[in-house]
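Peer 1: One structure is given below, represented as structure tokens, and several questions about it will come after.
Every read-out reported here was derived from the displayed coordinates using simple, explicitly stated rules and does not represent laboratory data. The structure presented is a predicted model; accordingly, all values stated were derived computationally and were not measured. Every residue, glycine as well, gets a Cβ built from its backbone with ideal geometry; the counts of neighbours run over all protein chains shown.
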Amino acid sequence: MEAVQASFDDLGRPLSDVTFCVVDLETTGGSAARGSKITEVGAVKVRGGEVLGEFQTLVNPDESIPAFITVLTGITDAMVINKPRIAEVLPSFLEFARGSVLVAHNAPFDTGFLKHYSRELGIPWPRFEVLDTAVLARRTLLRDEVPNCKLSTLARVFHATTTPNHRALSDARATVDVLHALFERLGPLGVTSLEEVCTFTARVTPAQRKKRHLAEHLPQAPGVYLFRDRRDAVLYVGTSRRLRARVRSYFTESETRTRMGEMVMLAERVEGIVCATTLEAQVRELRLIARHRPPYNRRSKFPDRLSWLKLTREAWPRLSVVKRILDDDADYIGPFGSRSSADDALAALHDTFRIRQCTPKLAKRSRRNACALAELGHCLSPCDGSVEPETYAAEVFRVQRAMTADPVELVDAIHGRMGDLAANERYEDAARWRDRLTALLRAVVRTQRLAELTALPELVAAAPHAEGWEIHVLRHGRLAAAGVMPRGTHPSGWVDALLATAESVEAGYGPIPAATAEETECLLRWLDTPGLRVVRGTWQAPLAAGGRHLERLTTLASHAKATTLTS
């Protein structure tokens, strides 16, 4: 019998035999290239599920640690003043990690810092193989299983023995548990070697390649495509400037998402909808996803599951988190992507203003017993009739102003509270109030931005296009018509014809009276196109009143974005 040469898969290194060095960093900012420094290094070396060793040290950054970093991590200047500098720490870490596969959650962040200081210090960077648990989680888990792939979320879902807390060694230990849990999920899929972990999403089976013919009938034009199964149910909706080329890519190695490979195997046909412009395709995609709720689309499937913060209209108004906007003349802000974000914003308002927090409807002359909040001075207590309607109305006006106009009073109050907490070294509590303030400000700014467009009965605008001008008709924040006007065409008659075919839009009520928030925000982004011209109607985009306060948190948000996946 002839000898058969083993394939690379056959020669792959079993995961149980590979030594992994799981690393996490704490830093003074989000980018080493922009001067941010490392303040802590934590690492755990594991093989076969057993811990071989741990590495942890604080690092003196030779500069003062920003206050918001101290709030986030709890690491202070006093803690690092006598600690070694990165020039001493980095060689020790590299020796600890030598011969291992480097693992991190959001690996580009951690390896980016390590490589930067290796170059700066003239230390040769070992050619580590790198595994990113954030990427591995996104390609392994379904959105129905986890709402996101943050380390804190995965640690909770997989019941990690260590809770991430923005300290390097704790986060590294939590990442070890997440790594092992992901390996357990991959085992039943036949992924048992390091090589398979690194490449399993890039494989394209012969059966997938054979389905390339499903794209042949599609044009090379902008539009929306829908993958359908044998029962004609929609599996996935996408958009592209070139339909045929994009759909063909699903049958090649350029498609590396495991879930898309599963979807392609179920697909029996692909439907294409040609659109006049890219914007029209984006809007149609949003509407089709909301209508069909395809199982393989991760986003935009459930616009009805968003949360709003509502200031009621009744004898004694109150705040509540709701799922629907009603025609009740109440004030709404949002939408919030999660109930927890809405609750954070609600807490910020309740802590600042003495509006009632009880839920029963109260008569104008209520004689109920006062609650504990009233006794503590946190509520004006309309329930027991101890406050005049005019006094309560003034408090409601302050809440309404913070929600719909300018939240300066609330911002100042919470910044003061955060400062007091930080001064008393209660950094986690200060961070919690920062998150609550951020949630509220984002909702205020989002609502104000939506209102800029939804208040307009009609706006016709044009942007440069390769063949002339792309023109869109927007009504109450909804796309009503789209087209491309060829060069040399007289605009007046062409626009009149487009308007004659435009969708009639009857405005409803609330911040998004005629479309979803995502659609209106898509239109707002298009209105920022360079060279855009208003053809009919008026349009100006003033800075939302809440925007100037949100800018005060921009630096913090920038760092948080870089560290969110490691938290």
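Peer 1: Based on Cα coordinates alone, diagonalise the gyration tensor for the range 457-536, multiply each eigenvalue by 5, take square roots, and list the semi-axes in whole Å, largest first. The partial results should precede the final answer.
Peer 2: On the way: eigenvalues 106, 43, 14 Å².
After diagonalising the Cα gyration tensor, the semi-axes are 23, 15, 8 Å.
Peer 1: Distance in nm between label sites at residue 322 and residue 221, each 7 Å beyond Cα in the beta-carbon direction?
Peer 2: Label-label distance for residue 322 and residue 221, simple model: 4.3 nm.
Peer 1: Can I ask one more? At q = 0.22 Å⁻¹, what log₁₀ I(q)/I(0) does a Debye calculation on the Cα points of the range 99-210 give, no solvent, two decimals?
Peer 2: Log-scaled intensity ratios, in q order: -1.27.
Peer 1: Report, to one decimal in Å, the Kirkwood hydrodynamic radius for the range 356-476 based on all distinct Cα pairs.
Peer 2: Values: mean 1/r = 0.0539 Å⁻¹.
One over the average 1/r among Cα pairs gives 18.5 Å for the range 356-476.
Peer 1: Another question, if that's okay. Along the charge dipole of the chain, which of 370, 303, 28 sits closest to the positive end, that is, farthest toward it, with unit charges on the beta carbon of Lys, Arg, Asp and Glu (+1, +1, -1, -1)?
Peer 2: Farthest towards the positive pole: 303.
Peer 1: Further question on the same structure: Which order do the peptides 433-446, 136-149 come out in when sorted by mean C-beta neighbours inside 10 angstrom, highest first? Don't skip to the answer; put the middle values down first.
Peer 2: Numbers: 433-446: 23.2, 136-149: 16.9.
Packing proxy ranking, top to bottom: 433-446, 136-149.
Peer 1: Could I ask something else about it? I need the Kirkwood Rh of the range 203-301: take the reciprocal of the average 1/r across all distinct C-alpha pairs and report it in angstrom.
Peer 2: Details: mean 1/r = 0.0750 Å⁻¹.
It works out to 13.3 Å.
Peer 1: Which of the lysines could a cross-linker bridge to residue 323, judged by Cα under 23 Å and excluding same-chain residues fewer than eight apart?
Peer 2: Cα-Cα hits under 23 Å: 301, 310, 361.
Peer 1: Moving on. When DSSP beta bridges are limited to those with both residues in the range 20-139, what percentage is antiparallel, rounded to the nearest 5? Mind dumping the intermediate values first?
Peer 2: On the way: 16 of 22 bridges.
Taking every DSSP beta bridge with both residues in the range 20-139, the antiparallel ones total about 75 percent.
Peer 1: Taking 0.36 nm per residue of sequence separation and subtracting the Cα-Cα distance, how much length would be gained by fully extending the chain between residue 77 and residue 241, in nm to one decimal?
Peer 2: Details: separation 164, 0.36 × 164 = 59.04 nm, distance 5.16 nm.
This chain segment gains 53.9 nm when fully extended.
Peer 1: Something else: Which value in nm describes the separation of the simple spin-label points at residue 165 and residue 375, placed 7 Å from the Cα toward the beta carbon?
Peer 2: According to this spin-label approximation, the distance is 3.4 nm.
Peer 1: Compare the peptides 118-128, 449-459 by average per-residue count of other Cβ atoms within 10 angstrom and give them in order, highest first.
Peer 2: Numbers: 118-128: 12.5, 449-459: 18.0.
The peptides rank, most packed first, as 449-459, 118-128.
Peer 1: Looking at 188, 277, 424, which one has the Cα that reaches farthest to the positive end of the dipole of the chain (charges on Cβ: Lys, Arg +1; Asp, Glu -1)?
Peer 2: 277
Peer 1: Can you give the helix-only mean residue ellipticity at 222 nm for the chain, where every DSSP H stretch with n ≥ 4 adds -39500 (n - 2.57) and the sum goes over all residues, rounded to the nearest 500 deg cm²/dmol?
Peer 2: Details: 21 runs with 227 residues, N = 567.
Only helices count here, giving -12000 deg cm²/dmol.
Peer 1: Does anything in the range 115-130 have its amide N under 16 Å from the 7 Å Cα→Cβ label point of residue 62, and if so which residues?
Peer 2: 116-123
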